[in-house]
Amino acid sequence: MTTATLHDVRLVGASTNRNYINDEYGALSWLLTKDHKRIAILYLISVSIMFVLGGFFAMMMRIELLTPDGDLLTSDTYNKFFTMHGVVMIFFFLIPAIPAVLGNFILPIQLGAKDLAFPKINLLSWYLYMAAAVVGLVVIITGGVDTGWTFYTPFSTQYSNTHVFGTTLAGFIAGFSSILTGLNFIVTIHRMRAPGLTWYRLPLFVWAMYATSVVMLLATPVLAITLTMLMIERAVGVGFFDPALGGDPVLYQHMFWFYSHPAVYIMILPAMGVASDVVAAFTRKKIFGYRFVAFSSLAIAFLGFLVWAHHLFVAGISVYSAMIFSFLSFFVAVPSAIKVFNWTATLYRASVSWQTPMLYILGFIGLFTIGGVTGLFLASIGLDIHVTDTYFVVAHFHYVMVGGTVMAYMAGLHYWWPKITGRMYPEWWARLAALLVFVGFNLTFFPQFILGYVGMPRRYHAYAPEFQVLNVLSTAGASVLAVGYILPIIYLVWSIWFGRKAGPNPWGAVGLEWTTSSPPPKENFHETPVVTWDAYDYPAMMKAMGETQNV
Amino acid sequence: MADQQHLEHAPHSHVTPLYVYFTVFFALAIGTLLTWYASTIDLQEWNTPVALIIATIKAVLVILFFMHVKYSTRLTWVVVVASFLWLGVLFVLTFADYLTRGWLMK
Amino acid sequence: MSDLALGNEHHHHHPFLQHHFEDLGQQHEASTLGMWMFLCTEILFFGGILCAYWIYRVMYPEAWAVAAELQNKLYGGLNTIVLIISSLTMALAVRAAQVGSRMWQLGMLFATLIFGSVFLAVKGIEYSMHWHEGLFPGSHFTWHEHPAVAQKVQLFMCFYWGLTGLHALHMIIGAGLLLWIIGRAWRNDFGPEYYAPVEIMGLYWHFVDIVWIFLFPFLYLIHGVHHG
C-alpha cells in the first residue's frame, strides 16, 4: 500500500475523471447527499443568497442616510431594515459562512478523512438552516420585525407589534444548525485524523475550526434558551423579563450577550484560520510561532466567554462588575494580537505571491487590526459611555466582521476555489474586485468612526444636518463595495464552466487537500494518507523540488 | 496520538457489575428521602447549600456509574467537566453584577 | 451508497458499520462522543434558565418560598423516585445489550418506557391541579393569596411551567426515541459488538433524569424564610 507523500502529487486520481460533482446526477442526489463536499456547495448557494438579501437592506439604509431627513423610509420601516440587515447577516451569513462552506468542504480533507463523523447530521444541519431561512423570509415578506437584531426586552416582549416570535423562532432553528455543525467538527477532529496526523501537524485552519466549534457548542444553547424564554413571554403575555412581575430586562441582556459575544468569535476565528493557511501558502513559509497561533485560537474561544457584559456598560449593571468585564475585555485582545504579530513575522522578508487570496488576507490583517483596536476603545468604560450606541460602534464591528470575516471568506473562497470546482477564477478580475472591496469598505466605514465620535447615534433614520458630508461619503463607499461584491458572483459562476482547468495543486501549497485531485473524488482520497510531515513544511517540499528556501 | 487507539473489531466495553447499579440506585433513593427531610427542618442559611450538595452528589453518581463516565476516556471526562465549568462562568459573572448592585462607591 | 473503490481492507463488514469509519470501535467512540457533545449543549440550555431562576430566587427569597409551598411534594417526590427507577432500568437495558440478551433488553427498555410514562401522567395531574388553582401565568392567573408577593409568585410560576414543561418535552422526545430503540432491539440489532444506539439512548435518558434531580429540590423543597 503506497502512502501519499508531501511531494507525490502524481498520486491523485489520474486514472479516472470521476469526482464528487459528476459521481451522481440529479437534484435528489444533491438534496439527499451525505457527502460533506456537496453539503458545502448547498450551503454556498444558500449563504450567498442570504448575503445578497442582507446587502439589499444595507443599501436601502445607506440610501436613506444620504439625506439628514427621514425622507425615503418611515422610521418604522427603517427600524425593520436595520433589524433585518442584522438578523440576516449575522445568523444567516456570518455565523455559517466560513464553517459551513469552507469548513465543511475542506476540513475532512485536511484531516485525511473520508467524511465528517456524522454525515446525516451534516445534511440535517443544512435543512435546519433552510427551515430557519424560510421562517425568516416569511417574516420579512409579511411585515418584518423592528426590535433590532438584539431583541431587547421589554420592547420585544411587550410593545413591538411586529413578528418578534417568528424571527426569534428562525434564530432558534438556525442556532441548532450551528450546534450540529460544531458538534460534527469536534468529533471528527478528535476521532478521524489520518494516521500520523498529530495535533501539532494540523493546519492552523483546523485548530481555528476546532476552537470555533467549541464556542458554537457551548454558547449557542444559551441563545436558544434565551430566545425560548422570550418566545414564551411573547406568547403568554407575561414572563421572565417582565418588570410588572419583578422581572429584570437587564437579565435578558446578560443571557443574550452570553451567547452573542462569543458569537463574534465564531465569526472571526475561522477567518483567522483561513489567514494562517493563506499566509503560509503565498509566502511558502511555515507560520511563525505555530504553537502560539494554535493555542491563541483556544485562548480566544475561552476568554471570549468572559467579557459579554461590556455590551451592558450603560444598561444599569453594577460599576464593580463593569470594571471586571472591562478588564477581561482588554485581556481578550491579547491572543488576537499574538496572531497578528505572528502573521507579520511570517511575512517579514518573505517572497510574497500577490494573488487574490493573499490580497484579501493582507487587507484582512490590517482591517482586523483597526477593528480590534477600536474594540479596546469600547472596552474602556469611560470612553464607552460616550460612543456606545453611536456610529463608532457600528464602524468597529463592521471593521472586524466585514473587513475581517468577509474578506477572509473571500480569500478562502478564492484559495480553495480550484479545489472545490476544478477551475481557476480569472485572476485580474478577482484582483480588481479585491481592490474595489478594500477601497469601498474603507470609504464606507472609516467616516463612521468619525460620525460616532462626533455624536451621531445608530439606528436612527434621520440625523443632524452637520453629519451629512460623512454620510454621503459612506454611502458612496457602499456603492463601490457593492460592485466589489457583485463582480465575484459573476466571475466565479462564469469560471465553473469557462475557467481554466486546475490541477491538484495550482498554488504549490502544502496540505493534504492539495494531494488529491481537483475536484476531489467522492471519498476524498483513493487511499488513506499517512502523514509524516509538519504543518506548512515548505522548506522540506522545496528542498525536495530543488528550490532555494525562503529565509 | 493517544486518542487514536481503538480496538479493531469491537468497541471497548466495560460491563458494569449489577451490584454497582443497584447500589447507586439505593443511594439515589436515599438521597431523595434525605433532601425531602432536610427541607422540613430549619437549618437557616444551610437549607439551600444542603439541598444543592445532595442534588450534586446524586447527579455525580448518575454521571459516573449510570452514564459510565468512570469507565470512559479522559476526553469524555473533560467534556463533562468543561460543560459545568462554562455554566459556572455564566452563573458567577452574572451574579457578580446582581450581588454588587447595591454596593456604594466611596 | 457504499463505497467500492477503497484501498482499505474490509474482511469483516458489519452491517451497521458506516463506510466513513475504519471500524466499529471508531464508530462507537464517535457516537458516544457526539452524544456527550449534544448533552453539553443541553447542560447549557437548561443551565441558562436555571441561572435566571437563581438570580430571581436570590432577589425574592420570600416569594420563592411561598410559591414552592404551593407545589405538591408528594407527587414531586414520587415522580423523582419513578424517574430514578427508570434510570436504573435504562442502565440495565444498556448492560443487556452489551451482553447480548434480547429478552432483558426488551424487558428493561419497556420498563423504562412505562416508568417514564408514569412520570408524565403524574405531571399531567399536577398541571391540571395548578390550572384549576389559577396558577398558570398570564391572563389565567387568578391566584390572589399573599398579595404582597403575588406578582413574584407568578414569576416563579413562569419558571415552574417553563422548566417542567421543557423537561416534560424532553421526556416525550425520549419516549419516542425509546420506541425506536425498542423496535431495533426487537429485530435483534444489538450485541457486544454493536450497542452504541442503546448506550447513547441511555446517556440522553440519564441526562433528563439529572435535570429532574435538580428541579425537584429547586421547585418543591424551598425552606421558608422566617421573619421576626
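Please indicate, with yes or no, whether at least one residue in region A:253-269 is closer than 30 Å to A:Pro539 by Cα and assigned to a helix (DSSP H, G or I). Lay out the reasoning, then the answer.
The initial filter retains those residues of region A:253-269 that are closer than 30 Å to A:Pro539 by Cα, namely A:268-269.
From what's left, assigned to a helix (DSSP H, G or I): A:268-269.
Checked against the condition, which is being closer than 30 Å to A:Pro539 by Cα and assigned to a helix (DSSP H, G or I), region A:253-269 yields at least one hit.
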| request: Look through C:Ile222, C:Ile182, C:Ile172 and report the one residue that is in contact (Cβ under 8 Å) with a residue 24 or more places away in the chain, assigned to a loop (DSSP other than H, G, I, E, B), more than 21 Å from B:Leu61 (Cβ to Cβ) and β-branched (Val, Ile, Thr). | output: C:Ile222
| Among the listed residues C:Pro192, C:Pro197, C:Pro217, which satisfies the condition of being without any contact (Cβ under 8 Å) to a residue 12 or more places away in the chain and within 14 Å of chain B (Cβ to nearest Cβ)? | C:Pro217
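Report yes if C:Gly77 is in a helix (DSSP H, G or I), surrounded by fewer than 22 Cβ atoms within 10 Å (Cβ to Cβ), small (Gly, Ala, Ser) and in contact with a helix residue (DSSP H, G or I) (Cβ under 9 Å, 6 or more places away or on another chain), otherwise no.
Values: in a helix (DSSP H, G or I): yes; surrounded by fewer than 22 Cβ atoms within 10 Å (Cβ to Cβ): yes; small (Gly, Ala, Ser): yes; in contact with a helix residue (DSSP H, G or I) (Cβ under 9 Å, 6 or more places away or on another chain): yes.
Against the criterion (in a helix (DSSP H, G or I), surrounded by fewer than 22 Cβ atoms within 10 Å (Cβ to Cβ), small (Gly, Ala, Ser) and in contact with a helix residue (DSSP H, G or I) (Cβ under 9 Å, 6 or more places away or on another chain)), C:Gly77 qualifies.
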| note | When C:Lys152 is run through (1) under 19 Å from C:Ala67 (Cα atoms); (2) under 18 Å from the mean Cα position of the chain (by Cα), the failure sits at (2)
| query | Restricted to region C:100-125, and to residues that are over 16 Å from the mean Cα position of the chain (by Cα) and touching a residue at least 60 places away in the same chain (Cβ under 8 Å), which residue is surrounded by the most Cβ atoms within 10 Å (Cβ to Cβ)? | reply | C:Gln105
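Under the condition of being part of a helix (DSSP H, G or I) and touching a residue at least 60 places away in the same chain (Cβ under 8 Å), which residue from region A:454-468 is surrounded by the most Cβ atoms within 10 Å (Cβ to Cβ)?
The first filter runs over region A:454-468 and keeps only residues part of a helix (DSSP H, G or I), leaving A:465-468.
So of that shortlist, the ones also touching a residue at least 60 places away in the same chain (Cβ under 8 Å) come out as A:465, A:467-468.
Details: A:Pro465: 10, A:Phe467: 19, A:Gln468: 14.
Ranking the qualifying residues of region A:454-468, first place goes to A:Phe467.
Does any residue of region A:121-128 turn out to be touching a helix residue (DSSP H, G or I) at 6+ places or on another chain (Cβ under 9 Å), among the aliphatic types (A, V, I, L, M) and free of Cβ contacts under 8 Å to residues at least 24 places away in the same chain?
First pass over region A:121-128, keeping only residues touching a helix residue (DSSP H, G or I) at 6+ places or on another chain (Cβ under 9 Å): A:121-128.
If we keep only those that are among the aliphatic types (A, V, I, L, M) as well, we get A:121, A:123-124, A:128.
Filter again for free of Cβ contacts under 8 Å to residues at least 24 places away in the same chain, leaving none.
Looking for residues that are touching a helix residue (DSSP H, G or I) at 6+ places or on another chain (Cβ under 9 Å), among the aliphatic types (A, V, I, L, M) and free of Cβ contacts under 8 Å to residues at least 24 places away in the same chain, one finds none in region A:121-128, hence no.
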| field | Every residue from region A:192-214 that is part of a helix (DSSP H, G or I) and surrounded by fewer than 24 Cβ atoms within 10 Å (Cβ to Cβ) | value | A:Trp199, A:Tyr200, A:Arg201
| request: May I ask you to verify whether B:Phe25 is in contact with a Cys (Cβ under 9 Å, 6 or more places away or on another chain), within 8 Å of chain C (Cβ to nearest Cβ) and assigned to a helix (DSSP H, G or I)? | output: no
| field | Unique match (being in contact with a strand residue (DSSP E or B) (Cβ under 6 Å, 6 or more places away or on another chain) and closer than 30 Å to A:Thr388 by Cβ) among A:Pro457, A:Pro465 | value | A:Pro457
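Determine whether A:Trp354 is touching a strand residue (DSSP E or B) at 6+ places or on another chain (Cβ under 8 Å), under 25 Å from A:Val493 (Cβ atoms) and not aliphatic (A, V, I, L, M). Can you show your working first?
Working: touching a strand residue (DSSP E or B) at 6+ places or on another chain (Cβ under 8 Å): no; under 25 Å from A:Val493 (Cβ atoms): yes; not aliphatic (A, V, I, L, M): yes.
Taking the combined requirement at face value, the residue does not satisfy it.
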| query | Is one or more of the residues making up region A:362-381 in a helix (DSSP H, G or I) and within 14 Å of another protein chain (Cβ to nearest Cβ)? | reply | yes
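Got a sec? Which of A:Asp35, A:Asp23 is modelled with pLDDT under 95 and more than 15 Å from the chain's Cα centre (by Cα)? Steps first, please.
Numbers: A:Asp35 fails: modelled with pLDDT under 95.
The match here is A:Asp23.
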| field | Which numbered condition A:Met272 fails, given (1) facing another protein chain (nearest Cβ under 10 Å); (2) out of contact with any Ser or Thr (no Cβ under 6 Å at 6 or more places or on another chain); (3) at pLDDT 95 or above; (4) crowded, with 24+ Cβ neighbours inside 10 Å | value | (1)
| task | From A:Leu73, A:Leu66, A:Leu44, grab the single residue that is within 25 Å of A:Thr167 (Cα to Cα) and not in a helix (DSSP H, G or I). | result | A:Leu73
| Only one residue in B:Leu75, B:Leu93, B:Leu61 is in contact (Cβ under 8 Å) with a residue 60 or more places away in the chain and assigned to a helix (DSSP H, G or I), so which one is that? | B:Leu75
| remark: Per the filter on region C:90-134, residues of a type in the set (S, T, N, Q) and in a helix (DSSP H, G or I) are C:Gln98, C:Gln105, C:Thr112, C:Ser117, C:Ser128
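The values are calculated or read from the model by the stated rules, or taken from the named source; none is laboratory data. All of these numbers come straight from a predicted model, not from anything done at the bench. For neighbour counting, all protein chains shown are included, and Cβ atoms are generated from backbone atoms with ideal geometry for every residue, glycine included.
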